[in-house]
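The values are calculated or read from the model by the stated rules, or taken from the named source; none is laboratory data. As the structure is a computational prediction, the values presented were derived from the model and not from experiment. Cβ coordinates were reconstructed from backbone atoms using ideal geometry, including for glycine residues, and neighbour counts include every protein chain displayed.
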Amino acid sequence: MSDTSHGTGGLKFDAKKRTWPNEINIFFALIIIILIFEALGQALPYMNGQSFLFDTRDRFDSIFNEARLRIIILQVSIIGIIALGVTQVIISGGIDLSSGPLVGATAMIVMSFAQTELVNGNPNPKAVFGDWAFDLPVILPVIVGLCFGAFIGAINGSLIAYTRIPPFIATLGMFLICRGIAQAWTRGKPVSFPTEGYAALGKGMAPVFWFLALAVLFHIVLKYTLYGKHTYAIGSNEDAARMSGINVKRHKVRVYMIASMLAAFAAIILSSKNLTAQSGMGIFYELYAIAMAVIGGVSLTGGRGSIVGTVLGAMVFGVIQSGFTYIKLDAFYQLMAMGAIIISAVVLDKMRQERAASRT
Amino acid sequence: MTDTILETKDLTKYYGGVHALEGANFTLKKGEHVAIMGDNGAGKSTFVRQITGVEQRTRGEIIFDGQPVSFAGPIDARKAGIETVFQTLALADALDVPDNLFLGREMTKLNWLGPFRFLDYKAMRQATMDGLEKTGVKIPNIRNSIQNMSGGQRQCVAIARTATFASKLTIMDEPTAALGVQETAQVENIIRTLKEQGEPLILVSHNMRQVFDLVDRIIVFRRGRIVANLNKEDTDGQDVVAYITGAKTGAEFEGAA
């Protein structure tokens with residue numbers, strides 16, 4: 001029934017205009033970075049030819065350097081959980097700077113509900129509350145932590161959605177507030193000695209399991225659910241989203257709540273893994289989480305990015321960090337190099353976007 | 001069953017002391033295509049904004065599909081069946097064609113999941129294909145994101161919404177103002193397709209050639225008032241220009257301005 005004279009007359013589908021998934025670029029970047037470190041390991045005189053990720057010695061069956069791989073993935077897991085939330089915030093066109101201090105505050109609060117009464121037969125020397133707060137079932141501190149995260153996220157989101165102050169300012173304020181809460185909670189003293197059940201949450205490779213499970217969950221949520229679609233729509237064109245009948249304000253509150261709950265969950269896993277909570281926990285985490293997302297191709301202008309990208313970005317981040325240690329680069333230079341890499345990632349992404357725009 | 005789809009009686013809008021729209025009486029029959037013309041600031045867009053609920057009228061009555069209506073916002077109007085193609089495209093660049101067509105009214109499954117209910121991509125793609133076929137819009141790959149499409153294709157996507165959702169009335173506010181020659185032709189072809197299918201349309205346009213090519217009737221606004229209601233057959237370009245500039249005023253609108 002449609003007449004051929006109608007339509008977009010003569011415009012042919014151009015395969016070159018098809019968008020090449022950005023995740024593949026990041027995957028290649030990951031491989032190239034690994035190869036660079038391998039090459040450096042062979043080339044640098046003081047390395048004695050030892051390999052970065054491969055194991056060439058005979059006494060092991062595996063060809064990989066499993067110990068290093070394990071450290072890399074364990075290192076990125078906890079910040080990676082935060083990055084999953086930050087990814088959603090950035091896709092929606094915002095930014096969340098409060099996640100690092102939120103980790104500190106949540107860890108302090110949660111740990112004080114997770115303490116055990118007797119440490120090696122002696123009373124817990126770091127007790128925060130009285131007897132009632134000892135040896136509580138593990139679900140309780142977890143719920144307290146997630147509620148605290150949701151509460152902070154709701155404040156962030158409401159400030160941004162209803163008072164329309166820039167997300168940068170709202171979450172910067174929350175950054176200081178959370179760091180303050182973390183210090184005020186016990187006047188700066190650490191909280192230690194959790195119950196066995198609580199300690200099991202972050203034991204061994206458990207953080208990796210949580211990270212990957214949450215990554216799969218939020219990959220599905222962002223790609224296949226209404227929540228995900230609206231997150232992309234708002235980040236892509238907020239006015240269009242509003243005109244289309246999406247409740248933009250309510251949605252923003254949801255996004256920030258989920259991001260803060262993920263940061264709170266990361267705090268639970270981190271304090272469980274370390275068996276202690278300190279007010280200084282999570283320093284720089286918000287920036288590292290943003291860096292993982294940005295390296296993973298999440299656009300700071302909103303609307304673009306994916307969980308798969310962020311997971312790859314987290315791996316790139318971990319590999320670079322571990323690689324610097326491997327080639328024995330001083331910690332000071334590591335920070336500088338990391339900063340340079342983050343800036344280059346954004347510059348590259350911008351150039352890629354502009355190239356795509358000039359094609360049309 | 002009446003054959004009038006939209007009627008306004010004494011529709012009036014004041015912005016403070018500015019009389020942007022004064023006593024507009026207008027009717028649109030089912031299947032009819034009407035153009036609204038007039039100089040900048042003549043009240044065309046104000047008129048459209050009152051009908052689509054973007055603004056609240058000062059006075060007057062709007063009867064849509066036999067019912068007096070009062071839309072609280074554009075979303076209400078859309079729910080009632082008035083689909084508007086805005087001058088600035090209300091499209092999300094990073095999303096693909098079905099996503100944009102269904103923005104804000106996605107098809108979902110597993111609805112008990114609330115905000116986390118799953119999108120029914122398959123059904124939306126199918127409905128998109130049907131809608132595009134109905135309007136004669138050809139887009140090579142509907143799963144490409146909008147940002148990689150030409151201006152004409154983007155405008156076509158915006159227009160294809162109307163067909164996809166079986167709207168009762170389509171309003172286009174200068175749909176081709178920003179398009180090239182070839183792209184304008186594409187959009188005009190879609191408008192012809194809508195005409196064949198009996199979809200009523202209000203077209204706000206400055207393009208005399210386009211108006212004479214496409215519509216049945218021309219309404220001219222001047223200084224907030226309707227000054228002419230002309231059947232295409234009874235008029236010509238010079239005549240319409242005379243009404244727009246104020247050299248002439250329609251007999252039944254004497255004293256209008």
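Only a single item in (1) within 11 Å of another protein chain (Cβ to nearest Cβ); (2) over 29 Å from A:VAL253 (Cα atoms) is not met by B:ARG78, and it is number (2). Inside segment B:81-100, residues that are out of contact with any Phe, Trp or Tyr (no Cβ under 8 Å at 6 or more places or on another chain), more than 7 Å from chain A (Cβ to nearest Cβ) and buried (at least 19 other Cβ atoms within 10 Å of the Cβ) make up a count of 7.
How many of the residues making up segment B:45-61 are under 16 Å from the mean Cα position of the chain (by Cα) and outside any loop (DSSP other than H, G, I, E, B)?
Residues meeting the conditions: 7.
B:PHE212 meets each of the listed conditions (1) surrounded by fewer than 22 Cβ atoms within 10 Å (Cβ to Cβ); (2) out of contact with any Gly (no Cβ under 8 Å at 6 or more places or on another chain); (3) part of a helix (DSSP H, G or I); (4) hydrophobic (A, V, I, L, M, F, W, C) apart from (2).
Please work out which residue is nearest to the other protein chains (Cβ to nearest Cβ), limiting yourself to segment B:108-132 and to residues that are surrounded by 17 or more Cβ atoms within 10 Å (Cβ to Cβ) and aliphatic (A, V, I, L, M). The qualifying residue nearest to the other protein chains (Cβ to nearest Cβ) is B:LEU119.
Scanning segment A:186-196 for residues that are within 25 Å of the chain's Cα centre (by Cα) and either part of a loop (DSSP other than H, G, I, E, B) or farther than 18 Å from A:MET281 by Cα (or both) turns up just one, A:PRO190. Among the residues making up segment A:221-245, those that are facing chain B (nearest Cβ under 7 Å), within 15 Å of B:ASP96 (Cα to Cα) and either of a type in the set (Phe, Trp, Tyr) or within 19 Å of the chain's Cα centre (by Cα) (or both) are A:TYR224, A:TYR232. Looking across segment A:100-131, the residues that are surrounded by 16 or more Cβ atoms within 10 Å (Cβ to Cβ) and in a loop (DSSP other than H, G, I, E, B) come down to A:SER112, A:PHE113, A:ALA114, A:THR116, A:ASN124, A:LYS126, A:ALA127, A:VAL128. If only residues of segment A:270-291 that are of a type in the set (A, V, I, L, M) and crowded, with 23+ Cβ neighbours inside 10 Å are counted, the one that is nearest to A:MET108 (Cα to Cα) is A:ALA277.
Contact map, segment B:156-175: residues that are within 11 Å of chain A (Cβ to nearest Cβ) paired with residues that are in a strand (DSSP E or B) and not hydrophobic (A, V, I, L, M, F, W, C), Cβ distance under 7 Å, separation 6+ or inter-chain. Pairs shown: B:ARG161/B:GLU83.
Entry remark, segment A:297-320: residues being farther than 20 Å from A:THR171 by Cβ and either outside any helix (DSSP H, G or I) or free of Cβ contacts under 8 Å to residues at least 24 places away in the same chain (or both) number 3 in total.
Per the conditions (1) more than 25 Å from A:GLY202 (Cα to Cα); (2) modelled with pLDDT of 95 or more, the sole criterion not satisfied by A:THR163 is (2). Within segment A:238-248, being assigned to a loop (DSSP other than H, G, I, E, B) and buried (at least 19 other Cβ atoms within 10 Å of the Cβ) holds for A:SER244, A:ILE246. Would you mind stating whether B:GLN147 is within 9 Å of another protein chain (Cβ to nearest Cβ), buried (at least 23 other Cβ atoms within 10 Å of the Cβ) and part of a helix (DSSP H, G or I)? Spelling it out, it is not the case that B:GLN147 is within 9 Å of another protein chain (Cβ to nearest Cβ), buried (at least 23 other Cβ atoms within 10 Å of the Cβ) and part of a helix (DSSP H, G or I).
Residues checked against (1) of a type in the set (Ser, Thr, Tyr); (2) in a loop (DSSP other than H, G, I, E, B); (3) under 30 Å from B:GLN50 (Cα atoms):
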| residue | (1), (2), (3) |
| --- | --- |
| B:ASP76 | no, no, yes |
| B:LYS79 | no, no, yes |
| B:THR84 | yes, no, yes |
| B:GLU106 | no, yes, yes |
| B:TRP112 | no, no, no |
| B:PRO115 | no, no, no |
| B:MET124 | no, no, no |
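Here B:LYS195 meets the list (1) away from chain A (no Cβ under 13 Å); (2) touching a strand residue (DSSP E or B) at 6+ places or on another chain (Cβ under 9 Å) almost entirely, failing just condition (1). Scan segment A:202-237 for residues that are part of a loop (DSSP other than H, G, I, E, B) and surrounded by 21 or more Cβ atoms within 10 Å (Cβ to Cβ) and the total you get is 2.
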